[in-house]
Amino acid sequence: MRPIRLRSGSRSAGLLIAVTATATALAVTAIGPAAAPAAAAPTETASPQPGDACTTADLGTRHPYITSTEVSPTITHFKGWYVTEGTTGEQAVTTTTETTITVSVGLDDKIDASFAVDALNKAGVSVGLSVKMESSTTNTESNAVTWNFNRPGYYGVYKGTKKVTGTYGSLNCNRAQQTDGSWALRWTEGPGSGSFTTYTTLEEGAVRCQDQVPAGSVMAKAQTLLDCGSPTAKAAHPAGAVAPTAKQRQDRLAQPTAPAPGTSAERPRALGQAALACQSTAYKIAVPGKPLSWGAPLLANDGVRLRPSTIFSAHLDNWRLCDVTENNGVLEATLWNWGNGGCATIAEQDASTERAILTTASCAEDDLQRFYIYRDVPGSTSIGVQNKYTGSMMGHDRYVDGEFIRQYSSGRQDGTGTYNLTGV
C-alpha cells in the first residue's frame, strides 16, 4: 500500500501530516481517554548536499541523504470487540498481532552505527515525524489495550503506528573536474544506497463502524479491519471478543515469514585464492605529515595497525593496488600487501560491526576485499578509503604506534580517516 508519498523538503507534506495527526487525536478523545502529546519531530542538523564543496579532511567521511520516503498508517495489533449496554466502562482487551514492523537500514536491523542513526534521523525530518532511531520492533509491544467504552457497539480495538519507509543514498567527498578544467572537492553520490524502515510511537484506541474518522489516519486503517459491511459487523453478539472476519484472517496469512537468523545479512564468502592484476607501484598509506602508516599483520589473528616504516618493516607497510577500475572519478581496488601476500579485508563475521578491525586474508573474489578510494585534487596524495561491501570508511581512534585501523559507518568526522597514498 502506498497511500502517502513524500519527498524531503515538502512543506505541503509536513502540513498534511500535522493536520491528520491533530484530527486523529481529537477523534480518539471523543470515544476514549485523551491521546498523549506527540513527541517532537527530529530536527535537521547541518549536512552536505550533492555538489556542495568539501575539504581534504572530509575524504574519509560519509553522510546519508534521503532520496524517497513513504508514510502509511499500519495496524500492529487488533481485536474485534462487542460491547453491550450493560458492559460499558473500562475493559482490558487482549489483541492479536496483525503486522510486525522492524527498524532496519540496508540489510541490518541492528541499529548501532552512526550512519544508520543519521539516516533514520534524516528520514524523520523529511516527513516531519518523530521516528524510532534504534533497534526496535513492534512485536515486542504488549498486546493488551485498556479502554473506556462509554457506548455499546461493535468495536475494533487496536494498536497502530505510521510506518515510514524509503530509500537513502551515500555522499562521499571526492575530486571533481569543473567546467573550466580545474579540480575541486565536492560531495558526490557514492556507493552504499539502500532502503530503510522505521515507525512512529504506537497509538492505541477503539473505533466503531459508524464513527467518523480522519481519512489516512491510523484509526481509519483500524476501521477498515472491522469489515463494516459484513454480517459479523451487523449481527448482534454477546459482550466480548468477536471472531476475526475472513478479511482479517487473509491479512494475517499474508504477513511475510520472518527470515532465518543471518539470512538477511548473508555475507559473501571467499572463493579461493584469486589471481590479481596488480600495479607495479607500491604505496604507503600514511597519516598525513606523520611517520606512522598502515602495517599489515604477521599473525593471522592480528589486524592492520599504524606502524613506523623502518628497515625492519619487511614490506608489511607496502601495498599495491590490484584489479583497479574507475567509475566517476572513484577508484576501486584490492589492496595487496607486499609483506605477507594477503589482501586487506573486513572479516566476514564482523562485516556489520561498527569499529571492526581491518585485517588481511588470502586474496579472493570478495567485495569485503574491495575498496573505494576517494582522492584529493591532482597534485595531492590525500585519500579516503571505503570498504565496498560494508560501506564503512577506514580510520583510527587515536594516533599511536600499534593502533588498529578500523571501519566506521560514517567515517571519522575529525578528519583522522584521511590518509596519504604515497608511492615508494
Q: At q = 0.10, 0.11 Å⁻¹, work out log10 I(q)/I(0) for segment 313-424 with the Debye formula, treating every Cα as an identical point scatterer and leaving solvent out; two decimals please.
A: -0.27, -0.33
**Q.** Positive-end residue of Val424, Phe404, Gly384, charge dipole of segment 370-424 with Cβ unit charges
**A.** Gly384
Q. In debye to the nearest 20, how big a dipole does segment 378-424 give about its Cα centre with +1 on each Lys and Arg Cβ and -1 on each Asp and Glu Cβ?
A. 180 debye
Q) If you place +1 on the Cβ of every Lys and Arg, -1 on the Cβ of every Asp and Glu, and leave all else neutral, what size is the dipole of segment 162-242 about its Cα centre, to the nearest 20 Debye? A) 60 debye
Q) With all protein chains present and a 1.4 Å probe, how do His315, His63 order by accessible area, largest first? A) His315, His63
(Q) Just want the answer: with Cβ charges of +1 for Lys and Arg and -1 for Asp and Glu, which residue in Thr188, Pro152, Tyr199 is farthest toward the dipole's positive end in segment 117-205? (A) Pro152
Q) Using a basic spin-label model with each label point 7 Å from the Cα along Cα→Cβ, how many nm lie between Ser142 and Ser47? A) 3.5 nm
(Q) List the pairs from Lys110/Lys221; Lys132/Lys284; Lys79/Lys122 whose alpha-carbon separation is above 32 Å, in the order I gave them. (A) Lys132/Lys284; Lys79/Lys122
**Q.** Residues with amide H under 5 Å from that of Ile111, placed H, sequence gap 5 or more
**A.** Ser135
Q: For Lys159, go through the aspartates and glutamates and keep the ones whose alpha-carbon is under 14 Å away, minus same-chain ones fewer than eight residues off.
A: Glu98, Glu141, Glu203, Glu204
Q) How do Cys173, Cys209 rank by accessible surface area computed with a 1.4 Å probe, from largest to smallest? A) Cys209, Cys173
Q: Apply the Kirkwood formula to segment 158-204: the hydrodynamic radius equals the inverse of the mean of 1/r over all pairs of different alpha-carbon atoms; give it in Å with one decimal.
A: 13.9 Å
**Q.** Cα centroid separation, segment 99-132 to segment 161-240 (Å)
**A.** 12 Å
(Q) For a quick check of understanding: with a 1.4 angstrom probe and all protein chains in place, what accessible area in square angstrom does Arg186 have, to the nearest ten? (A) 70 Å²
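The values are calculated or read from the model by the stated rules, or taken from the named source; none is laboratory data. Note that the structure is a prediction, hence the values are computed from the model and not measured. We place every Cβ from the backbone using ideal geometry, glycine too, and count neighbours over all the protein chains shown. Accessible surface is based on the protein model in full, side chains and every heavy atom, while ligands, DNA and RNA are left aside. Shrake-Rupley method; radii C 1.70, N 1.55, O 1.52, S 1.80 Å.
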